[in-house]
Structures are given as C-alpha cells and as structure tokens.
Amino acid sequence: MTRRVHSGVPGLDDVLHGGFLEGSAVLVEGGPGTGKTTLGMQFLHTGIVKEDEPGLLITFEEFPSSLIQDARSHNWDLRALEEANKLRLVFTSPQTLLSSLRSPFSPLNRMIVEWDIRRIVLDSVSHFARITRNPTELRDIYGTVINGLKREGITSILTRETNTNRLYPSGDKLSFVVDAILMMRYVEIDSAIQRAILVLKMRGSPHAHGVYRYDIQQEGMAVRDRFEGLHGLLTGMPTRTRPRRSASR
Ligand SMILES: Nc1ncnc2c1ncn2[C@@H]1O[C@H](COP(=O)(O)OP(=O)(O)OP(=O)(O)O)[C@@H](O)[C@H]1O
Ligand SMILES: [Mg+2]
C-alpha cells in the first residue's frame, strides 16, 4: 500500500483519509490570500521538523527573503532549516525550471537527489501559462513539470491562482494531469467571510467529500468542522438548506 505523507495541516489528513499519497502531485488552488503559500510552507516545515524529510520550495513570484519573513509570522524559521541543509528555496522563472526538469543532469535535479528531497512545493503553476497560449503545448508543459517532480517518490504541491468559483475553470488542462486537487474558497455567511476547503479529486484513494471550514492563525492553517445546513458554498454565497425557525414561534 502506498505510504501516506502527512500534510502538516491539523484536520486535513482526516479529510484525506490519512494524508497525501506518497509520490503524488497535488494541485492546491484558490483565490488571493486563501492560504496556498501558507499550506505549502506548512507542508515543508512540518515535513522537515516532524518527519525529517528534506523539502524544496520553488517560487516564481515571491523572493525567498519575503517568504522567510512571512513564515516567521508563524514561528517557522526557514532560514535555520536552510542552514541545516534541510530546505532549499529556489527563486526562478518558468522557462528555467522547465529546462532544468527536462535535463536529468541539471543542477536542480542533482540537488534533488543529493539532498534526498522528499517534498516539493511549486508556487505557482499559473505562471506557465505565460510561456504559451497553445493549449496542447501547455498540457505538454504541465506533463513535463509533473513528471519531473514525481521522480523518486517525491510528493509535490503545486499552487494555482483562481478567481473563479466554478468547479472547473474552462480550458483547464492541469486538473487532468495532477493526482489530487484541493480547492480553497472564500464563502460569505451571515455577512462575514469564512474560508472553505474541498478535496475535488484524489487518485487512488478515498477521501471526504464535504466542504470544510479552515482558518489561518499564528500556528498556521488548520481544517475545522464541515459546513452543515448550507448549499451553494462553492459559489461563495451559500443559502440555507433548511429555513430558520422564527424566534417568535
Ligand atoms: N501570522 C498570521 N496569523 C494569522 N493569519 C495569517 C498570518 N499570516 C498570514 N495569515 C493569513 O493568511 C493569508 C495569506 O495567506 P497566503 O499568503 O498563504 O495566501 P495565498 O493564497 O498564497 O495568496 P496569494 O494568492 O496572494 O499568493 C493572509 O491574507 C492572512 O489572512
Ligand atoms: Mg501565495
């Protein structure tokens, strides 16, 4: 049986029936500020601190120094992990990453083997869409990236920005190539914004099908209870499935 890789997010492994499958490529998609980068950093940080699994964070948008600073707000000392040779933060471009993944002897691939990297976060895959507008070519690029990351049983998280509340963005190819998809959404309930997470797919494993509440605090992200009594959560503006009883009756 495939080993489970703990996500590092309290409550999420239960939803995933034990954690991610080792060697899988997981797409984490959501709108701005939903917590994609936080989930990725937490996955790497707990992997190193609790499981002694070296990690690699590849970013196209945030400088490593700003990631280090953001992580500090959760008391995750990424710099110390780098100094201990347990974490690598790589700031690159989609083109450079693509050619590195294509060549088995690239410095990146050599580092992955030498450091025995077990977890990779790629933040975010949305940037590959800048390379080409041709959907077939883009699908090939995604295939190359995912195959490149999936070597040696490495478990990877790929983040993707979305501004839609639809389940499948139109023209989407990446959803078919990844092994699992987590969706993070904002929902408005009683005039307040709450955070919702859903496992949309998980190849080779059962998983919970509910929409769960999560929050981000100083300790990081945590998945809480399932939303009950509401439908249309993924539209962002759910309605109650049962009418509320009036207090006067
Ligand atoms: N130390 C903290 N304590 C509480 N909440 C925090 C803390 N740090 C970050 N957050 C929350 O997490 C959110 C940012 O999360 P994160 O940067 O992971 O989102 P993201 O999905 O990667 O966003 P983007 O699409 O802009 O990259 C903030 O908007 C804030 O609400
Ligand atoms: Mg981010």
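Which loop trypsin sites (Lys or Arg not before Pro) in the stretch 55-142, with loop taken from DSSP, have no more than 16 other Cβ atoms within 10 angstrom of their Cβ?
Working: sites: R72, R79, K86, R88, R102, R110, R118, R119, R130, R133, R139; in loops: K86, R118, R133.
Those satisfying the criteria are R133.
Bridge orientation summary for the stretch 4-240: considering DSSP beta bridges with both residues in this region, about 45 percent are antiparallel. For the chain, the C-alpha radius of gyration sits at 1.04 times the compact-globule guess of 2.2 N^0.38 Å, with N the residue count. Note on the chain: Lys pairs 8 or more places apart or on different chains, Cα atoms under 26 Å apart, count 11. The S106 and I193 beta-carbon pair, evaluated with R₀ = 45 Å, returns a calculated FRET efficiency of approximately 0.60.
The relative contact order of the chain comes to 26 percent, based on Cα pairs under 8 Å that sit 6 or more residues apart.
Name the helices (complete DSSP H segments) of the chain with a Cα length along the long axis of 18 Å or more and a Kyte-Doolittle mean of at least 1.0, or state none. It would help to have the intermediate numbers written out before the result.
Numbers: long enough: 36-51 (21 Å, 0.01); 135-149 (21 Å, 0.05).
Answer set is empty.
The numbers here are math on the coordinates, done by the rules we state, and not lab data. Because the structure is predicted, anything quoted here is derived from the model rather than measured. Glycine also receives a Cβ, built like all others from the backbone with ideal geometry; neighbour counts cover every protein chain displayed.
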